[in-house]
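Student: I am attaching a structure below and will ask some questions about it afterwards.
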Amino acid sequence: MSNIDAQIKSAMQAVLDHLKSELKTLRSGRANSSILDKVQIEVYGSHVPIKNLASVTVPEARQILITPFDASTIHAIAKGIDAANIGLNARVDGKVVRINVPPMDESIRKQIGKQCKEMGEKSKIAMREVRRKYNELVRKQKADGEMPEDLMKKTEKSIQEMTERFCRDIDAVCAEKEKEIMTV
């Protein structure tokens, strides 16, 4: 049972970690280099993540500075950011790309908060899918005679408790991000 518990915990933690990385890409009141994590730049005949082409820093609260490793890619980086449709405009300034992050009005904050809730709901669905998968595994082990019924019931209860705990963690992470988004 402890082996199954470890597998379940690992799978559920992976779902939570994925949610946290997804939430980093949502805009909040300050400039954040993680906003650009999903941006793919078409350069050298393929799509490359921006962090493989340049260093991304936040010198001020409302500005992101991108310094390409190869100066010839600067216009491709600016074009890729504009094409990513993340609500930011890249401006080439000499050998760097500057992105001024405009302050968000309330309607944009609410829209991004809604995206945050949707991501949380998708994560809860993934969490319940993990629960279903392992409950089926435990029932199959019982049917095959590898596990007694009382151990199966105990394991199913443990799986349910872990699911509830991780769902509360998802709610807490989403609430914290929503608070960050709604802070002016």
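Student: Per residue, how big is the convex hull of the chain when only Cα atoms are used? Give it in Å³. Spell out each step's value before the answer.
Tutor: Working: hull volume 24.9 nm³, N = 184.
Here the figure is 135 Å³ per residue.
Student: At 7 Å along the Cα-to-beta-carbon direction for both residue 61 and residue 21, put a label point, then send me their distance in nm to one decimal.
Tutor: Going from the residue 61 label point to the residue 21 one covers 3.1 nm.
Student: Using a simple spin-label model with points 7 Å from Cα along the Cα→Cβ vector, what separation in nm is obtained for residue 157 and residue 121?
Tutor: 3.3
Student: What angle do you read, to the nearest 10 degrees and between 0 and 90, between the alpha-carbon axis of helix 74-83 and the longest principal axis of the chain?
Tutor: Taking Cα atoms only, the helix is inclined about 60 degrees.
Student: Against the longest principal axis of the chain, how steep is helix 2-24, in degrees 0 to 90 to the nearest 10, with axes from Cα atoms?
Tutor: Helix 2-24 and the main axis of the chain meet at about 20 degrees.
Student: Also, quick follow-up: Nearest 20 debye, what's the magnitude of the dipole of the stretch 33-100 about its Cα centre given +1 on Lys and Arg Cβ and -1 on Asp and Glu Cβ?
Tutor: Dipole about the Cα centre, nearest 20: 100 debye.
Student: If the elastic network links every pair of Cα atoms under 10 Å, which of 110, 157, 24 fluctuates the most in the Gaussian network model of the chain?
Tutor: 157
Student: So what's the back-of-envelope 222 nm ellipticity for the chain, counting only DSSP H runs of four-plus at -39500 (n - 2.57) apiece and dividing by all residues, rounded to 500? Walk me through the numbers before you get to the answer.
Tutor: On the way: 4 runs with 105 residues, N = 184.
Helix contribution divided over all residues of the chain: -20500 deg cm²/dmol.
Readers should treat all values here as calculations from the given coordinates under stated rules, not as data from a laboratory. Treat the numbers as computed from the prediction; the structure is a model and nothing was measured. Don't worry about glycine lacking a Cβ; one is built from the backbone with ideal geometry, like all the others, and counts go over all protein chains shown.
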